[in-house]
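Enquirer: First the structure, then my questions, so here it is.
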Amino acid sequence: MFSTAFLDIPALQGASGTVTLPGSKSISNRVLLLSALCQGTTVVHDLLDSDDTRVMLAALRQLGCGVQVDGTTVTITGLGGRAWPTEAIEFFMGNAGTAMRPLTAALAVQGGDFTLKGVPRMHERPIGDLVDALRELGCSIDYLGNDGYPPLRVRQPTLRLDKPIPVRGDVSSQFLTALLMALPLAAQDRAITIEVVGELISKPYIEITLNLLARYGIAVERQGWESFFIPAGSRYQSPGSIHVEADASSASYFIALGAIANGSGIRIQGVGADSIQGDIRFMDAAAQMGAQITSGPNWLEIQRGAWPLKGITLDCNHIPDAAMTLAVMALYADGPTTLRNIASWRVKETDRIVAMATESRKLGATVEEGPDWITIHPLPTGKWQSASIHTYDDHRVAMCFSLAAFNADQIPVRIEDPKCVAKTFPDYFEALFSVAYTAAHNIPVICIDGPTASGKGTLASRVAAALGYNYLDSGALYRVTAHAALQAGLTLEAADEAAIAALARHLPVRFEGEQVLLSNVDVTDAIRSEQGGMNASKVSVLPAVREALVQLQHSFQRLPGLLADGRDMGTVIFPNAPLKVFLTASAAKRAERRHKQLILKGFSANIESLRADLEARDARDMSRSVAPLKPAQDALQLDNSSLTIEASVEQVMVWWQSRQVFG
Ligand code: DC
C-alpha cells in the first residue's frame, strides 16, 4: 500500500493475467448471518477479512454456531434445528454497523437474554428506527444507555405479526435489510408484511439483500419499494456453498484494463456476469465500447476487441460509480463519448464531473460538460501530455486515471495522493502492477552507492518508500550467496568459484520487508553480522559469481520503479539508470555512526579502531580489481557528513523531481 505523496506510473504497454479482487463487505456480513440461521453447513468462499466481518464471526461463535476459518474460506454450521441459547450472552460489536443492525433484529425476533455493546462511537450511531419497528411487532428491547442508541438489552418477545410492520426507509436501508433477514425466523406459519415509511434510499442494497435471501430459500415478494411480503412457511435453506462476490465497481478498472491493454487478456476472479451488484452492468457498457467479455460463475475474462474503442452515448443512471471508468476508456475511442444522467457525480466524494473534465484536459483531451452530462473526445497519438493528476481525495479518480498510462505516446502519468484508493481497494496499484507490463527502459531505476557505513542502505530504502518503488539491496545478495555456499560446505575461495556461481544462479532468496529468507529460512541476522559482510566481500570478487547474479538483479526492475543499492549498480547492472547517487561521508563521521549503532546494540566499541578499519576497507574496496568501489561517471556525489537522513532523502528527491516531466 502506497504511503507516498504521489505515484509515477511509467508508460505501460500491455497487461495479462489474473487479479483476485477483495470481497464485498455488504455481501460478506449478510451471508454470514444467513448461514448462521440455516440448518446445516454452509461453506462461504472469498469472505472479506475486515473489522466488520470479524465482529460478526465472533458473535456467531458466541451463539453456538460452528465457525471454521481457513484463509478466506469460512465454514459455518448454522443454528437451525439446534437449541437456541438460553443463557445470558453479551456481544461486543465494535463499530460494525453491518453486524449490529441485522444481528439485533435476528436476536430480538428469536428472543433470549442478550446484551449488544460496541465502541463509544457505536453508542452514538442511531438504531431507534429499527428498535421501534421491532417493538411494533412485539420484540422486547431496552436501551441501556441513551434512548435510540446502543447498548441494547434483548429479551423474550411476544410476537404480534397480524398487521403490517412499519419501518423507516429514508435514514438507512440497513434497518429494512435487518428486518428482511430476521423475520423469516417468525414466518413459519404466517405471512409477514413490512411497510416502508418514507422514500427508500440505497435501493441497490435492498436488491442485494433480496437476492441473498433467495439464495437461502426465502422468496420475498415486493410491491414497488413500499411493501415487502415474507410468505408463510419461509425457512432458511443453506445453499451448501456460496461465493462472496468481489466489489463490482472495483472490477470496472480491470474490465477497462482488458479492453485497453495489449496482451492475452485479463481474468477477474471474484465476480461474474450474474453478480447481484448493480454496478456489474458496467460490463455491458464496456462491451459496447469494444471489450470482449466472457464470464462464468465468479469470474470474468476480458480481451481487447474493437481497437480503437468505439465512442458511445449512454444513460449512466444505473451505474453511477463505475461509469467514471468509461470516461477514461473514452480517451482511447474512435469518436466522442457522452455519458448522460450523471447528476449524482456532482455530490459524491468530490464534484466528479469537474474532476474528470479537469484532469482529462490536463492529459490533452477536449471535454465538454453540462449539469448532468460529460462528453470526452479521444486523444490521438501525438496529442497526449504528461500530467500530474489531482485526485480530490476520491479513490475512483485515482484508479480511473491510472489507466491513462497506456497512452500511445508512452508518457508516464503521475497520480497525486495515491493512498486515497484505500477507501475501497487498498491494494489497487499492487493489483494493477501485478498484471501490467512495459519495456524495461520505461521502468526507472535510481542507483545509490557509496563506501561502507555511508548510510546508503537507509537512504535507498527511504527513497524507495517515498516513491513507492521496489528496493534492491545487492549487498544482501552477496551476503546470502556466501551464506548458502558455506552451508553447502564450499569454501569462499576461487577454487570453488564455479560451484558458488552455480548456487548463485538459482539462489532461492526472498525479501519480505526487512527480512531476508533463504529457502524460506530467515537468515537476516546471520547475513547482517560483521562476519557476514566479510564473507560477502570474499565471494563478491569472484567474476563468475558476479555474472551469475546479474539476471537476479535485473529481475528487481519491476513496476513502478526500482531503488538499487550497491557497488556496481550504476556501472554494470543498470548503466542506463536515469539517476545515480554516490553517497559519501568522512571516515570520522562514518566511524562515529557505526560506533553509536554498536553501542545501541550493546556491543563495546572503540571509535579510533573503527575508523582505522573503515579506512583500510575503503582502500581495499577502491583498489580491488573486480568491481572496485568507484562512482559511476554520471553519478551525483552527495556528502552526507553533516546531513540528517531526512535532508539526504530530500536532496535525492529534488534531483529526481528535476528529471521528471510532470508540471
Ligand atoms: O553493502 P554490503 O555491506 O551489504 O555489501 C557486502 C559486500 O558485498 C561488500 O564487500 C561489498 C560487496 N558488494 C559488491 O561487491 N557488489 C554489490 N553490488 C554489493 C555489494
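Enquirer: Apply the Karplus curve 6.51 cos²θ - 1.76 cosθ + 1.60, θ = phi - 60°, to the phi angles in segment 352-360 and return the couplings in whole Hz, x for Gly and Pro.
Expert: 6, 5, 4, 4, 5, 5, 4, 6, 5
Enquirer: Another question, if that's okay. Loop only per DSSP, at most 10 neighbouring Cβ atoms within 10 Å: give me the chymotrypsin sites (Phe, Trp or Tyr not before Pro) in segment 556-645, ordered by residue number.
Expert: Those satisfying the criteria are 603.
Enquirer: Taking the Cα centre of the chain as the origin, how large is its charge dipole in debye, to the nearest 20, when only Lys and Arg (+1) and Asp and Glu (-1) carry charge on their Cβ atoms?
Expert: On the way: 58 positive and 68 negative charges, 133 e Å.
Around 640 debye, computed over the chain.
Enquirer: How do 244, 347, 171 line up, fewest other C-beta atoms within 10 Å first? Before the final figure, lay out the partial values.
Expert: Working: 244 26, 347 9, 171 14.
Ranked by crowding around the Cβ, least crowded first: 347, 171, 244.
Enquirer: Another one. Taking the Cα atoms of the chain alone, what are Rg (to one decimal) and Dmax (as a whole number) in Å?
Expert: Here Rg and the maximum Cα pair distance are 30.4, 95 Å.
Enquirer: Which residue, chosen from 15, 307, 152, occupies the Cα position most advanced towards the positive end of the dipole of the chain, where the dipole is computed from +1 (Lys, Arg) and -1 (Asp, Glu) charges on Cβ about the Cα centre?
Expert: 15
Enquirer: A further question on this structure: Please rank 512, 368, fewest neighbouring Cβ atoms within 10 Å first, as an exposure proxy.
Expert: In increasing order of surrounding Cβ atoms, one gets 512, 368.
Enquirer: About its Cα centre, how strong a charge dipole does segment 436-542 have in debye, to the nearest 20, once Lys and Arg get +1 and Asp and Glu get -1 at the Cβ?
Expert: 220
Enquirer: Okay, moving on. When DSSP beta bridges are limited to those with both residues in the chain, what percentage is antiparallel, rounded to the nearest 5?
Expert: The antiparallel fraction comes to roughly 55 percent.
Enquirer: Continuing with this model, one more query. Using each residue's phi in segment 179-190, evaluate 6.51 cos²θ - 1.76 cosθ + 1.60 at θ = phi - 60° and report the 3J(HN,Hα) Karplus result to the nearest Hz, with x for Gly and Pro.
Expert: 5, 4, 7, 8, 5, x, 4, 9, 9, 4, 10, 8
Enquirer: Scan around residue 447 for amide H atoms under 5 Å from its own, H built in the peptide plane at 1.01 Å from N, and keep only partners 5 or more places away or cross-chain.
Expert: Amide H neighbours of residue 447, under 5 Å, 5+ apart: 564, 579, 580, 581.
Enquirer: A further question follows. Highest mean first, how do 251-258, 91-98 rank when packing is the count of other Cβ atoms within 10 Å averaged over residues?
Expert: Numbers: 251-258: 27.2, 91-98: 20.4.
Order by mean packing, descending: 251-258, 91-98.
Enquirer: Which angle between 0 and 90 degrees, to the nearest 10, do you get for helix 248-260 versus the longest principal axis of the chain when only C-alpha atoms count?
Expert: Long axis of 248-260 versus the principal axis of the chain: about 50 degrees.
Enquirer: Given the C-alpha centroids of segment 492-559 and segment 606-655, what is the distance between them in whole angstrom?
Expert: The distance from the Cα centre of segment 492-559 to that of segment 606-655 comes to 22 Å.
Enquirer: Which of 649, 223, 403 sits farthest toward the positive end of the charge dipole of the chain, with +1 on the Cβ of Lys and Arg and -1 on the Cβ of Asp and Glu?
Expert: Result: 649.
Enquirer: Tell me, what HN-Hα J-couplings in whole Hz come from the Karplus equation 6.51 cos²θ - 1.76 cosθ + 1.60 at θ = phi - 60° for each residue of segment 199-210, using x for Gly and Pro?
Expert: 6, 6, 9, 6, 4, x, 6, 5, 4, 4, 4, 5
Enquirer: Net charge near residue 358, counting Lys/Arg +1 and Asp/Glu -1 over other residues with Cβ under 14 Å of its Cβ?
Expert: Every neighbour counted, the sum reads -2.
Enquirer: Would you mind checking which residues have amide H under 5 Å from residue 39's amide H? H placed 1.01 Å from N; only 5 or more apart, or other chain.
Expert: The list, which skips near neighbours in sequence, is 80, 238.
Enquirer: If you don't mind, another one. Rounded to the nearest 500, what is the chain's calculated 222 nm mean residue ellipticity when only DSSP H runs of at least 4 contribute -39500 (n - 2.57) each, over all residues?
Expert: Only helices count here, giving -10500 deg cm²/dmol.
Enquirer: Here is a follow-up. With charges only on Cβ, +1 for K and R and -1 for D and E, what is the dipole size of segment 1-145 about its Cα centre, in debye, rounded to 20?
Expert: The calculation lands at about 140 debye.
Enquirer: Among 221-229, 109-117, 438-446, how do they line up by average Cβ neighbours within 10 Å per residue, starting with the highest?
Expert: With the highest mean Cβ count within 10 Å placed first, the list reads 109-117, 438-446, 221-229.
Enquirer: Tell me, Kirkwood radius of segment 191-245 from alpha-carbon pair distances, in Å?
Expert: For segment 191-245, inverting the mean 1/r across all distinct Cα pairs yields 12.3 Å.
Enquirer: Got a sec? How would 77, 338, 313 order by Cβ neighbour count within 10 Å, fewest to most?
Expert: Working: 77 20, 338 17, 313 12.
In order of increasing Cβ crowding within 10 Å: 313, 338, 77.
Enquirer: For segment 381-529, take the convex hull of the Cα atoms, compute a quarter of its surface area, and give me that in nm², please.
Expert: In nm², the orientation-averaged hull projection of segment 381-529 is 12.3.
Enquirer: Kirkwood-based Rg over Rh for segment 581-663 (C-alpha set), two decimals?
Expert: 1.07
Enquirer: Just to be sure I understand: of the beta bridges DSSP finds with both ends in segment 136-286, what percent are antiparallel, rounded to 5? Intermediate results must be reported in sequence, preceding the final value.
Expert: Numbers: 11 of 15 bridges.
So the antiparallel bridges in segment 136-286 amount to around 75 percent.
Enquirer: To check my understanding: the extent here is largest minus smallest coordinate of the Cα atoms along each principal axis. What are those three numbers for segment 466-588, in Å, largest first?
Expert: Cα extents, longest axis first: 40, 32, 31 Å.
Enquirer: All other residues with a Cβ under 13 Å from the Cβ of residue 200 taken together, and with Lys, Arg as +1 and Asp, Glu as -1, what is their net charge?
Expert: -3
Enquirer: Ranked from highest to lowest mean number of other Cβ atoms within 10 Å per residue, what is the order of the peptides 644-653, 425-434, 592-601?
Expert: Top to bottom by mean Cβ count within 10 Å: 425-434, 644-653, 592-601.
None of the figures in this text is laboratory data; all of them are computed from the coordinates on show. These numbers were taken from a predicted model, which means no experiment stands behind them. Cβ sites come from the backbone with ideal geometry, for glycine too, and all protein chains shown count toward neighbours.
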